[in-house]
Amino acid sequence: MRNQDGLWEVNIMKDTIYIHNLKVQTIIGIFGWERKVRQEVSIDLELSFDCAKAAKTDSIESTLDYKAITKGVIAFVEASSFQLQESLAEGIAALVKENYGVESLKLRVSKPGALRHADDVGVIIHR
């Protein structure tokens with residue numbers, strides 16, 4: 001496939017390490033009452049990573065330490081007080097990319113029960 005500059009692009013398939021439905025309490029929202037109470041957010045992370053070396057060595061040093069990533073994300077989210085889910089998502093993405101050697105990721109942040117008649121509402125970003 002050619003990109004916008006007319007050059008051929010090669011798509012190399014990456015493996016994915018994922019963390020789904022991580023639930024964290026934080027201050028988030030634009031309304032006055034939301035600034036006073038902690039609300040639950042749900043986080044899904046899909047981290048692009050070549051798992052071949054880890055599979056070959058069977059060693060934690062060869063892969064992403066998803067326990068460390070989870071602890072870092074929880075600490076960041078619990079300490080935050082963003083108004084928008086978009087801002088929270090960007091902060092989480094920057095944290096994960098800068099501190100854990102993740103080249104690219106897909107991140108979903110949602111607020112369960114934020115809208116009547118819907119299970120949740122949220123944002124999905126790719127970085």
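The values are calculated or read from the model by the stated rules, or taken from the named source; none is laboratory data. These numbers come from a predicted model, not from an experiment. A quick note on method: Cβ atoms are made from the backbone with ideal geometry, for glycine too, and the neighbour counts reach across all protein chains shown.
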>> Which pairs turn up if I take residues in the range 42-71 that are on the phi > 0 side of the Ramachandran plot and look for partners that are among the polar types (S, T, N, Q) and surrounded by fewer than 14 Cβ atoms within 10 Å (Cβ to Cβ) with beta carbon separation below 7 Å, at least 6 apart in sequence or on another chain?
In response: none
> So which strands (runs of 3 or more DSSP E) stay within the range 1-119 end to end and still have 3 or more residues that are modelled with pLDDT of 90 or more and of a type in the set (Val, Ile, Thr)?
Replying inline: 15-26
>> Take the conditions among the hydrophobic types (A, V, I, L, M, F, W, C) and buried (at least 16 other Cβ atoms within 10 Å of the Cβ) and apply them to residue 84. Does it pass?
In response: no
